[in-house]
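Everything below concerns the one structure shown next.
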Amino acid sequence: MHGYGPQTYALMRIVTGFLFLWHGTQKVFNVPAPPPIDLPPFVVFSAGPIELIGGLLVMIGLFAGWAAFLCSGLMAFAYWMVHGTQALLPIQNQGELAALYCFLFLYISSQGSGIWSVDAARKAA
């Protein structure tokens, strides 16, 4: 698999963005289902759009590095403000998904859009 680094990175970026944008659609549009808890308005109006637009940009690879950096910061904030106040370890505070997204997006922000992206297509044109 070592020779397929660019392809596996692109798949990771696409899938991560795709999964993340659904958190935004859930908060902003109540699709595919309403959020599981009553969220404060600032979460709906700030985190929801970042998840939706940031996830979409990461998925299609348009300014993915900057979008991923913003999403990484959002997930770090979510971890420490929501989960980290309950217990230190993610296994105890149900913050594993926030921590994982935080570091996935941090890695994507360091690598950029890569292949199979709008940015790559724009450079080729």
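Given (1) open to solvent by 60 Å² or more (accessible area, probe 1.4 Å); (2) farther than 27 Å from Gly112 by Cα, where does Pro35 come up short, assuming only one miss?
With respect to (1) open to solvent by 60 Å² or more (accessible area, probe 1.4 Å); (2) farther than 27 Å from Gly112 by Cα, Pro35 is out only on (1).
State yes or no: is Pro40 open to solvent by 40 Å² or more (accessible area, probe 1.4 Å) and either under 17 Å from Ile108 (Cβ atoms) or at pLDDT below 95 (or both)?
yes
If you check Gly48, Gly3, Gly24, Gly65, which single one turns out to be closer than 16 Å to Gly112 by Cα and either assigned to a helix (DSSP H, G or I) or touching a residue at least 12 places away in the same chain (Cβ under 8 Å) (or both)? First the steps, then the outcome.
Working: Gly48 fails: closer than 16 Å to Gly112 by Cα; Gly3 fails: closer than 16 Å to Gly112 by Cα; Gly24 fails: closer than 16 Å to Gly112 by Cα.
Exactly one of Gly48, Gly3, Gly24, Gly65 is closer than 16 Å to Gly112 by Cα and either assigned to a helix (DSSP H, G or I) or touching a residue at least 12 places away in the same chain (Cβ under 8 Å) (or both), namely Gly65.
With respect to Phe77, is the statement that it is of a type outside the set (S, T, N, Q), in contact (Cβ under 8 Å) with a residue 60 or more places away in the chain, closer than 25 Å to Asn30 by Cα and not in a loop (DSSP other than H, G, I, E, B) true?
Spelling it out, it is not the case that Phe77 is of a type outside the set (S, T, N, Q), in contact (Cβ under 8 Å) with a residue 60 or more places away in the chain, closer than 25 Å to Asn30 by Cα and not in a loop (DSSP other than H, G, I, E, B).
Residues in the range 81-125 that are open to solvent by less than 80 Å² (accessible area, probe 1.4 Å), in a loop (DSSP other than H, G, I, E, B) and among the β-branched types (Val, Ile, Thr): how many?
Residues meeting the conditions: 1.
Since Ala33 meets every condition but one in (1) more than 19 Å from Ser109 (Cα to Cα); (2) in a helix (DSSP H, G or I), which condition does it not meet?
Evaluating Ala33 over (1) more than 19 Å from Ser109 (Cα to Cα); (2) in a helix (DSSP H, G or I) leaves (2) as the failure.
Given the structure, is Leu57 in contact (Cβ under 8 Å) with a residue 12 or more places away in the chain, open to solvent by less than 40 Å² (accessible area, probe 1.4 Å) and in a helix (DSSP H, G or I)?
Criteria not met by Leu57.
Looking at Ser46, Ser72, which one is open to solvent by 50 Å² or more (accessible area, probe 1.4 Å) and at negative phi?
Step by step, each of Ser46, Ser72 is checked, and only Ser46 is open to solvent by 50 Å² or more (accessible area, probe 1.4 Å) and at negative phi.
Quick one: Val28 ticks every box in (1) in contact with a Cys (Cβ under 8 Å, 6 or more places away or on another chain); (2) β-branched (Val, Ile, Thr); (3) open to solvent by 30 Å² or more (accessible area, probe 1.4 Å) bar one, so which box is it?
(1)
The values are calculated or read from the model by the stated rules, or taken from the named source; none is laboratory data. Model, not experiment: these values are computed from the prediction. Quick reminder, even Gly has a Cβ in these numbers, built from the backbone with ideal geometry, and neighbours come from all protein chains shown. SASA here: full protein model, heavy atoms, side chains in, ligands and nucleic acids out. Shrake-Rupley method; radii C 1.70, N 1.55, O 1.52, S 1.80 Å.
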